[in-house]
Amino acid sequence: MRCERYMFHCSFCSHAVLPPFKGSAFRGGFGLALRSVVCALKTQDCSDCILRERCVFSRVFEHGPPADQEGRSSGVHPFLIEPPLSEQTDYAPGDQFRFGLILFGWANDYLPYFVYAFEELGRTGLGRRVAGRRGEFLVQTVSAGGKTIYQSDTRILKPEPACELPLEVLESDVSTKRITIHLETPLRVKHRNRFFAELPFHVLIRSALRRISSLNSLFGSGEPALDYRNLVAKAERVQTVDSSLRWYDVRRYSNRQERAMFIGGMVGSITYEGDLGEFLPLIRYCEKVHVGKATTFGLGKIRVEIPP
């Protein structure tokens, strides 16, 4: 599956007030900005629009699969935003910040639209209104793989070829017996029709398998050849030996539903013990693509630690 992480390096042009977790502000603002710059029929609903099969906004937000595949959106989108993790809320003109954008599959071909949309978001502003204005910002540069691919002064975009993200399943005799998973942004997982405030290992692996399967089916070369039933059965035998997990509520305003919502999840760390070696490729994969619900907002960012 093609996958690339683009880093946007920005600076505020005016006073800005942002929430402690900024994913909702970036994701909501980006959606509005992308529609404003690409939509030809501004008042037309996407579901009734004659241009929807060729529209960048529709493909990114309304239809998970590319236009030549059947079916409506699966709820899995070809991008996610990694907002600044700092809980700073007040920014002065000149303050710098950066955020990540990860694109999957065909979405990498539309990188210029994403860059332009974030530039438009910078012009309209981000966060709460202060004296009638949101926090305006300038996208100074965009980088990928450690190389600068865009500069605002030249307005020339030179993207590198997107990387392939392979999934290599290790043999079960790998001797890893203990790992710690750090939840760097809220992890929102659902099991048996309810959201969990705990994270048994098999629940994490079920969510990882769903994420990997969906991304590769929609934006890669097809569903990977994994023994899902056997992996889940083995994951159920892994034990939790330490946990500092807690629930963290993220409040957001839905422009589509016109109401405030909560998209909370678990944060903290959890340590597992057992036969973990063959699960590491799945977890490492999800370190790059996130896991769980609402990943486009930046939720589900994890980091695995393996003791020496």
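The values are calculated or read from the model by the stated rules, or taken from the named source; none is laboratory data. Model, not experiment: these values are computed from the prediction. Reconstructed Cβ throughout: ideal geometry from the backbone, glycine too, with neighbour counts over all protein chains shown.
Miscellaneous remarks
- Evaluated against (1) polar (S, T, N, Q); (2) buried (at least 21 other Cβ atoms within 10 Å of the Cβ); (3) in a helix (DSSP H, G or I), Ser217 falls short on exactly one condition, (2).
- When residues of region 254-282 are limited to those that are modelled with pLDDT of 85 or more and part of a loop (DSSP other than H, G, I, E, B), the one surrounded by the most Cβ atoms within 10 Å (Cβ to Cβ): Leu276
- Yes/no for Arg251 being outside the structural domain of His77 (by TED's automatic domain parsing) and surrounded by 14 or more Cβ atoms within 10 Å (Cβ to Cβ): no
- Residues of region 283-299 that are touching a Lys or Arg at 6+ places or on another chain (Cβ under 7 Å) and either part of a helix (DSSP H, G or I) or more than 17 Å from Met261 (Cβ to Cβ) (or both): Cys286, Glu287, Val289, His290, Val291, Thr296, Phe297.
- Listing of strands (runs of 3 or more DSSP E) fully contained in region 106-167 that carry 2 or more residues being of a type in the set (Gly, Ala, Ser) and at negative phi: 137-144
- Filtered residues of region 90-111 (kept if loosely packed, with under 15 Cβ neighbours inside 10 Å and modelled with pLDDT under 95): Asp109
- In the set Phe30, Phe26, Phe8, Phe21, only one residue is farther than 20 Å from Ala107 by Cα and not small (Gly, Ala, Ser); that residue is Phe21.
- Of the residues screened, Ser14 is one that is touching a strand residue (DSSP E or B) at 6+ places or on another chain (Cβ under 9 Å) and farther than 20 Å from Ile81 by Cβ.
- Residue that is surrounded by the most Cβ atoms within 10 Å (Cβ to Cβ), among those in region 178-214 that are touching a Gly at 6+ places or on another chain (Cβ under 6 Å) and of a type in the set (Val, Ile, Thr): Thr185
- Residues satisfying the stated conditions in region 26-82, i.e. modelled with pLDDT under 80 and either of a type in the set (A, V, I, L, M) or closer than 17 Å to Pro112 by Cα (or both): Ala67
- Matching residues in region 40-52 - criterion: being under 24 Å from Ala294 (Cα atoms) and surrounded by 12 or more Cβ atoms within 10 Å (Cβ to Cβ): Cys46, Arg52
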